[in-house]
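Novice: Take a look at this one; I'll ask things after.
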Amino acid sequence: MARTFLIRGMLCGLIMGLVVFAIARIFGEPNVDGAIGVEDHIAQMAGEAPEPALVSRAVQASWGLFVGVMLYSIAVGGLFSLLFSYAWGRMGQLGPRAGAAILAALSFITVYLVPFAKYPANPPSVGNPDTIGVRTELYFGMMVIAIVAMIAAVSLGRALLDRLGAWNAWTLAGLGFFVLAAAAYLLLPAINEVPEVFPATLLWQFRTVAFTLQLLLWGGIGLLFGYFTERQFAAKPAPARRRAA
């Protein structure tokens, strides 16, 4: 069953990767071009020569973008399938569709939304190259804290389920996750390396597209995976479903 889930998750990632690539190509790349133009303008005003690109912009915006998006999307689909394989059978009365949708929402919040809230995505011309290592460590540190907080919240909810009921237990679990994530948000150092001359509208558009692409990817994988899994289970008799679980 785990192998079936893995193949299905990677297939869902492949499908959503095509969707994400199309949207990134249409709506995301113009923002990247604008950011590169701002970077070149800043370098020109400072009397510096623009840094030569190792890969041409045309390749970056076409095949480079396609390969990067597809590899990332397939990897996310495979990761999601492994999470679902572990969680399936521990979701109570939730069916495949509801279970996959909830798992995708929780994964999106943990892996992307919480780190993004503290360290949002920046276009190419934003950020000091000398601090990229520190910024990467802080971003993944925030992600690890979010993952630990989510595991603790789910464990708390399951522990309180019989005593307080589903609504109260999961409400307290959600509050616990929020408190831990907020504490990490306040304690970790902030990084603001956006140049004052960088257009605020361009920065907002870049981050909005980046957020939307991740939301579409995780949401689409969750919905597609749940749909295909429900169809698979519906085609099996009840004893086979119980053995699979």
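Novice: For the range 157-173, state whether one or more residues are within 26 Å of L83 (Cα to Cα) and in contact with an Asp or Glu (Cβ under 9 Å, 6 or more places away or on another chain).
Specialist: Checked the range 157-173: at least one residue is within 26 Å of L83 (Cα to Cα) and in contact with an Asp or Glu (Cβ under 9 Å, 6 or more places away or on another chain).
Novice: Being among the aliphatic types (A, V, I, L, M) and over 30 Å from F225 (Cβ atoms) is the filter here, so list the residues in the range 91-140 that pass it.
Specialist: V126, I132, V134, L138 - these are the residues of the range 91-140 that are among the aliphatic types (A, V, I, L, M) and over 30 Å from F225 (Cβ atoms).
Novice: Of the conditions (1) small (G, A, S); (2) closer than 20 Å to R207 by Cβ; (3) open to solvent by 60 Å² or more (accessible area, probe 1.4 Å), A58 fails just one. Which one is it?
Specialist: (2)
Novice: If you don't mind, another one. Quick one: what pairs do we get from the range 185-200, first residue over 10 Å from K118 (Cβ atoms), second hydroxyl-bearing (S, T, Y) and assigned to a helix (DSSP H, G or I), C-beta under 8 Å, 6+ apart or different chains?
Specialist: E193/T131
Novice: Tell me the residue from V144, V194, V126 that is within 30 Å of G28 (Cβ to Cβ), open to solvent by 80 Å² or more (accessible area, probe 1.4 Å) and either assigned to a helix (DSSP H, G or I) or at pLDDT below 85 (or both), please.
Specialist: After applying the criteria, what remains is V144.
Novice: Next question, about the same structure. May I ask you to list the residues in the range 9-35 that are acidic (D, E) and either touching an Asp or Glu at 6+ places or on another chain (Cβ under 7 Å) or open to solvent by less than 40 Å² (accessible area, probe 1.4 Å) (or both)?
Specialist: E29
Novice: Confirm whether T171 is open to solvent by less than 80 Å² (accessible area, probe 1.4 Å), closer than 28 Å to L202 by Cβ and in a helix (DSSP H, G or I).
Specialist: Criteria not met by T171.
Residue by residue, here is whether (1) touching a Ser or Thr at 6+ places or on another chain (Cβ under 7 Å); (2) closer than 25 Å to N192 by Cβ; (3) among the aliphatic types (A, V, I, L, M); (4) surrounded by 17 or more Cβ atoms within 10 Å (Cβ to Cβ) holds:
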position: V134; (1), (2), (3), (4): no, yes, yes, no
position: L138; (1), (2), (3), (4): no, yes, yes, yes
position: V148; (1), (2), (3), (4): no, no, yes, no
position: L156; (1), (2), (3), (4): no, no, yes, yes
position: L161; (1), (2), (3), (4): no, no, yes, no
position: L175; (1), (2), (3), (4): no, no, yes, no
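Novice: Please enumerate the residues belonging to the range 197-232 that are at pLDDT below 90, open to solvent by less than 50 Å² (accessible area, probe 1.4 Å) and either within 12 Å of the chain's Cα centre (by Cα) or more than 30 Å from H41 (Cα to Cα) (or both).
Specialist: Once the filter is applied, which keeps residues that are at pLDDT below 90, open to solvent by less than 50 Å² (accessible area, probe 1.4 Å) and either within 12 Å of the chain's Cα centre (by Cα) or more than 30 Å from H41 (Cα to Cα) (or both), the range 197-232 yields only Q232.
Novice: Among the residues of the range 76-118, which ones are open to solvent by 60 Å² or more (accessible area, probe 1.4 Å), within 17 Å of R158 (Cβ to Cβ) and in a helix (DSSP H, G or I)?
Specialist: Passing the criteria: L83, Y86, I102, L106.
Novice: While we're looking at this one, here's another question. Enumerate the pairs (first residue in the range 86-111 and under 19 Å from L6 (Cα atoms); second residue anywhere and crowded, with 18+ Cβ neighbours inside 10 Å and modelled with pLDDT under 85) with beta-carbon separation below 9 Å, excluding pairs fewer than 6 apart on the same chain, so at least 6 apart or on different chains.
Specialist: Taking only residues 6 or more apart or on different chains, the pairs are P96/W88; G99/W88.
The values are calculated or read from the model by the stated rules, or taken from the named source; none is laboratory data. Note that the structure is predicted; figures quoted are calculated from it, not measured. Heads up, the Cβs are rebuilt from the backbone with ideal geometry, glycines too, and the neighbour counts pull from every protein chain shown. Protein only, heavy atoms only, side chains kept; ligands, DNA and RNA dropped before computing areas. Shrake-Rupley method; radii C 1.70, N 1.55, O 1.52, S 1.80 Å.
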